[in-house]
1. May I ask you to list the residues in region 250-294 that are free of Cβ contacts under 8 Å to residues at least 60 places away in the same chain and within 23 Å of the chain's Cα centre (by Cα)?
2. Among the numbered criteria (1) of a type outside the set (Lys, Arg); (2) at pLDDT below 95; (3) surrounded by fewer than 19 Cβ atoms within 10 Å (Cβ to Cβ), which single criterion is violated by LEU405?
3. Just to be sure before I move on: is THR362 among the polar types (S, T, N, Q), part of a helix (DSSP H, G or I), under 21 Å from GLY177 (Cα atoms) and open to solvent by 10 Å² or more (accessible area, probe 1.4 Å) in the structure I sent?
4. For region 266-353, which fully contained helices (runs of 4 or more DSSP H) count at least 1 residues that are farther than 30 Å from SER464 by Cβ and of a type outside the set (Val, Ile, Thr)?
5. Confirm whether GLU297 is of a type in the set (Asp, Glu), in contact with a helix residue (DSSP H, G or I) (Cβ under 7 Å, 6 or more places away or on another chain), open to solvent by 40 Å² or more (accessible area, probe 1.4 Å) and free of Cβ contacts under 8 Å to residues at least 60 places away in the same chain.
6. Looking at region 254-280 only, could you name the residues that are under 19 Å from PHE413 (Cβ atoms), open to solvent by less than 10 Å² (accessible area, probe 1.4 Å) and of a type in the set (A, V, I, L, M, F, W, C)?
7. Scanning for something open to solvent by 10 Å² or more (accessible area, probe 1.4 Å) and in contact with a Gly (Cβ under 7 Å, 6 or more places away or on another chain), does region 190-207 turn up at least one residue?
8. Of the residues GLY437, GLY441, which is open to solvent by 20 Å² or more (accessible area, probe 1.4 Å), in contact (Cβ under 8 Å) with a residue 40 or more places away in the chain, under 21 Å from GLY149 (Cα atoms) and of a type outside the set (A, V, I, L, M)?
Amino acid sequence: MSDDLCLLPANELRARIVRKDVSPVEIMRAVLARAERLQPELNCFITLCGDEAMTAARTAEREVMAGAPLGLLHGIPFTVKDLVNTRGVRTTFGAVPCKDNVPDHDAVAVARMRAEGAILLGKTTTPEFGAKCLTDSPLFGRTRNAWSGARSSGGSSGGAAVAVASGIAPLAIATDGGGSTRIPAACNGVVGLKQSNGVIPHSQVHDAFGNQTYVTPTTRTVADTALMMQAMSGEDASDPWSVGIPRGNFIEGSAPSGDLRGRKIAFCLAPRGRPVAADVAVAFRAALARLEDLGAEVEEMSPDGFEVEPIWRAINHTAWRARFATLAADHGDVLSETFMKQLALATEVRGVDYQQAMFDRTSLFRLVQTLLQRMDILAMPTITRTALPIDQDLFGTIEIDGQVLSDVRPSWFPWTMPFNMTGHPAVSLPCGFGADGLPIGIQLVGRFRGDVELLRVSALFEASQDLLGRWPGVDG
């Protein structure tokens, strides 16, 4: 019974709580038991909030029985990536120097989840400050893929994706600065959305005006993503991109209604010169065929203009240097070699290089806008091969179908970074499995602020295949 509860989506848990078929206490006991059983194997949490979560669940149960008004997520467990502030619960940023940091306030997204009745289960793993596509840190070690302990969970929101994929929690708050939600979503076979800039306020970002990082939802189903979006979206004074954006009708608007007739989808397998594994290409083409079966008109687009590694490097590495140079000088002995190498790269970027990258970012935005004036959705593989080995080095090589490549970032996830910079909504959806039995993801990109319609298309695609019944072979 308890594990059955862990395998239910948040929408179903919500309905059962409202009907009084199940108690928030029963749900919390089930997910805490599963977390404690799987944590030694998966290592997806930095902190579990068992006592606090049970206390909140008992309060939620009393409110249900008293007939009190219930929030959208009343009694439903959720996790928060350890980059995102949680009041009274340590937020380490995955870094040893911050291991005892306890915020006195919630990030806006967390506060909104709590306001709707969701209950914090724990803080999920991240590499130091979310600075790479793999989830490991000197503070907690490595987070393993939900489907294979020999593979990486991806990153930087690896803990969030693994917690959801393994049935520990139905909802997870993650972050995405260059693919950090979508990469682990693809690696672990879950839904990872990076919404349009400003749709969910980011109250912790340092450069709000030049922002390309996002606080995001990770779930197993599109409908659960819509639930989180409904809870977390809406303007907040802390985020200038959010001002003036009305809260969308995510729940009703993103239901899998109708079909895709009249919708045009442009696709591309990879930017020019970037290889893609054969099994990823096969799954991607099958996914396009399903979109066509739903009525969409599908056509190939040019790969030119999407080689963004130099732009991303100039913008992100200088931002990291500005944020972390003092920390690194004071605590370099307890920070990872990889993190220190990334900071060192920023010393090579001049001020004019940074400004040119911002000009190029604008050109990229206009390129995507031009495409989406004629097309409704863009489609591409989320990552170019399945999850990397558990001991992967960010500065090492990766292999794609026997070809050894020297640069992990543009070789493995060339398609995620562009849409952080342009601000368009992009979602990774499960679309099959590789020859190694690991999940494969397709990325769909919508029009700027077209998040509701992107989720409707995603829900239709999800319903067109039979993947939700497949779970990784974790204990329980």
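The values are calculated or read from the model by the stated rules, or taken from the named source; none is laboratory data. Computed from a prediction, not measured in an experiment: that's the story for all the values here. Using ideal geometry, Cβ is built from the backbone for each residue, glycine included, and neighbour counts are taken over all protein chains shown. Accessible surface is based on the protein model in full, side chains and every heavy atom, while ligands, DNA and RNA are left aside. Shrake-Rupley method; radii C 1.70, N 1.55, O 1.52, S 1.80 Å.
1. Hits for region 250-294 are ILE251, GLU252.
2. LEU405 satisfies every listed condition except (2).
3. Considered against the rule, which asks whether it is among the polar types (S, T, N, Q), part of a helix (DSSP H, G or I), under 21 Å from GLY177 (Cα atoms) and open to solvent by 10 Å² or more (accessible area, probe 1.4 Å), THR362 comes out as yes.
4. On the way: elements: 278-293, 309-331, 337-345.
Those helices (runs of 4 or more DSSP H) span 309-331, 337-345.
5. On the way: of a type in the set (Asp, Glu): yes; in contact with a helix residue (DSSP H, G or I) (Cβ under 7 Å, 6 or more places away or on another chain): no; open to solvent by 40 Å² or more (accessible area, probe 1.4 Å): yes; free of Cβ contacts under 8 Å to residues at least 60 places away in the same chain: yes.
Considered against the rule, which asks whether it is of a type in the set (Asp, Glu), in contact with a helix residue (DSSP H, G or I) (Cβ under 7 Å, 6 or more places away or on another chain), open to solvent by 40 Å² or more (accessible area, probe 1.4 Å) and free of Cβ contacts under 8 Å to residues at least 60 places away in the same chain, GLU297 comes out as no.
6. Step one: filter region 254-280 for residues under 19 Å from PHE413 (Cβ atoms), giving 267-280.
Then keep just the ones that are open to solvent by less than 10 Å² (accessible area, probe 1.4 Å); that gives 268, 271, 277, 280.
CYS268, ALA277, VAL280, listed by residue number.
7. no
8. Criteria check complete, one pass: GLY437.
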